[in-house]
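**Student:** Okay, handing you the structure first.
The values are calculated or read from the model by the stated rules, or taken from the named source; none is laboratory data. All values derive from a computational prediction rather than experimental measurement. Positions of Cβ are generated from backbone atoms using ideal geometry, with glycine treated the same way; all protein chains shown enter the neighbour counts. Surface areas here come from the heavy atoms of the whole protein model, side chains and all, with no ligands, DNA or RNA. Shrake-Rupley method; radii C 1.70, N 1.55, O 1.52, S 1.80 Å.
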Amino acid sequence: MHKDIKKILIDQDVLQRRIKELGQEISKDYKGKDLLVICVLKGAVLFMADLVQNIDISLEMDFMAVSSYGDATQSSGVVRIIKDLDASIENKDLLIVEDIVDSGLTLSYLMELLKARGVKSLKVCSLLEKPENLVSKVNIDYVGFQVPDEFVVGYGLDYAQKYRNLPYIGVLKEEVYK
Ligand code: 5GP
């Protein structure tokens, strides 16, 4: 285990097993549809890469980057597009792939923005959800795991751009960010 990690919440095996299930569920639900999977950078990149390998229907991928916390651990509520999608999403069946939904502010902003571009359908798949903090009441169609209200890193999730490469989801020691 990395020296800055207090405990492992979700190990590699458990992650991969759940991602396989999510992929199977998504494959079934989107059969015959025009699936476009949108990865929200950078946090969702590892999840997205594993998820699409477990989806066995034809799909396209695109990437988007929005601002998150900067180097702090609390949501500012301010969302900024850093990188927009490359192609038009009109009439597509969109699946947004997120790393974690905390307050839901980032996601609800993103959903409104994408809906306004004339999508056929829009669903969300988030690896993690912190249910205690969901203030904006966004509906998440596919959830990997619910996690407690602690700051987690690993498997794409960062603190100050670090720890994304850890193959598990862990809780950061408080002394690292306090
Ligand atoms: P929200 O707008 O839902 O409050 O926050 C969403 C974004 O905040 C996520 O996409 C992620 O970048 C960041 N975030 C929220 N909670 C955590 C956490 O526990 N760990 C990390 N690394 N990022 C988080």
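**Student:** Give all pairs with beta carbons closer than 9 Å in which a residue from segment 16-33 that is without any contact (Cβ under 8 Å) to a residue 60 or more places away in the chain and in a helix (DSSP H, G or I) meets a residue that is surrounded by fewer than 15 Cβ atoms within 10 Å (Cβ to Cβ) and polar (S, T, N, Q); count only pairs at least 6 apart in sequence or on separate chains.
**Tutor:** Pairs that qualify, where the first residue is without any contact (Cβ under 8 Å) to a residue 60 or more places away in the chain and in a helix (DSSP H, G or I) and the partner is surrounded by fewer than 15 Cβ atoms within 10 Å (Cβ to Cβ) and polar (S, T, N, Q), are GLY23/GLN53.
**Student:** Out of the residues in segment 80-94 that are away from the ligand (no atom under 14 Å from the Cβ) and of a type in the set (A, V, I, L, M, F, W, C), state the one that is surrounded by the most Cβ atoms within 10 Å (Cβ to Cβ). It would help to see each step written out before you state the result.
**Tutor:** Of the residues in segment 80-94, the ones away from the ligand (no atom under 14 Å from the Cβ) are 83-94.
If we keep only those that are of a type in the set (A, V, I, L, M, F, W, C) as well, we get 85, 87, 89, 94.
Working: LEU85: 15, ALA87: 9, ILE89: 19, LEU94: 22.
Ranking the candidates gives LEU94 first.
**Student:** Would you mind stating whether LEU51 is out of contact with any Lys or Arg (no Cβ under 7 Å at 6 or more places or on another chain) and under 24 Å from GLU90 (Cα atoms)? Break it down stepwise before answering.
**Tutor:** Values: out of contact with any Lys or Arg (no Cβ under 7 Å at 6 or more places or on another chain): yes; under 24 Å from GLU90 (Cα atoms): yes.
Against the criterion (out of contact with any Lys or Arg (no Cβ under 7 Å at 6 or more places or on another chain) and under 24 Å from GLU90 (Cα atoms)), LEU51 qualifies.
**Student:** Consider segment 16-34. How many of its residues are open to solvent by less than 40 Å² (accessible area, probe 1.4 Å) and farther than 22 Å from THR106 by Cβ? Outline the logic, then answer.
**Tutor:** If we filter segment 16-34 for residues that are open to solvent by less than 40 Å² (accessible area, probe 1.4 Å), which is where we start, we get 19, 22-23, 26-27, 30.
Subset that is farther than 22 Å from THR106 by Cβ: 23, 27, 30.
Final tally of qualifying residues: 3.
**Student:** All but one of (1) at pLDDT 95 or above; (2) open to solvent by 40 Å² or more (accessible area, probe 1.4 Å); (3) within 10 Å of the ligand (Cβ to nearest atom) hold for LYS120; which doesn't?
**Tutor:** Every condition holds for LYS120 apart from (3).
**Student:** Can you pull out every residue in segment 123-150 that is farther than 24 Å from VAL14 by Cβ, within 12 Å of the ligand (Cβ to nearest atom) and surrounded by fewer than 18 Cβ atoms within 10 Å (Cβ to Cβ)?
**Tutor:** Step one: of segment 123-150, the residues farther than 24 Å from VAL14 by Cβ are 135-139.
Now drop any that are not within 12 Å of the ligand (Cβ to nearest atom), which leaves 135-138.
Result: VAL135, SER136, LYS137.
**Student:** Does segment 95-106 contain any residue that is over 20 Å from GLU25 (Cβ atoms), within 8 Å of the ligand (Cβ to nearest atom) and either open to solvent by 60 Å² or more (accessible area, probe 1.4 Å) or at pLDDT 95 or above (or both)? Steps first, please.
**Tutor:** First, pick out the residues of segment 95-106 that are over 20 Å from GLU25 (Cβ atoms): 102-106.
After this cut, where a residue has to be within 8 Å of the ligand (Cβ to nearest atom) as well, the list is 102-106.
Pick out the ones that are also either open to solvent by 60 Å² or more (accessible area, probe 1.4 Å) or at pLDDT 95 or above (or both) and you get 105.
Checking segment 95-106: at least one residue is over 20 Å from GLU25 (Cβ atoms), within 8 Å of the ligand (Cβ to nearest atom) and either open to solvent by 60 Å² or more (accessible area, probe 1.4 Å) or at pLDDT 95 or above (or both).
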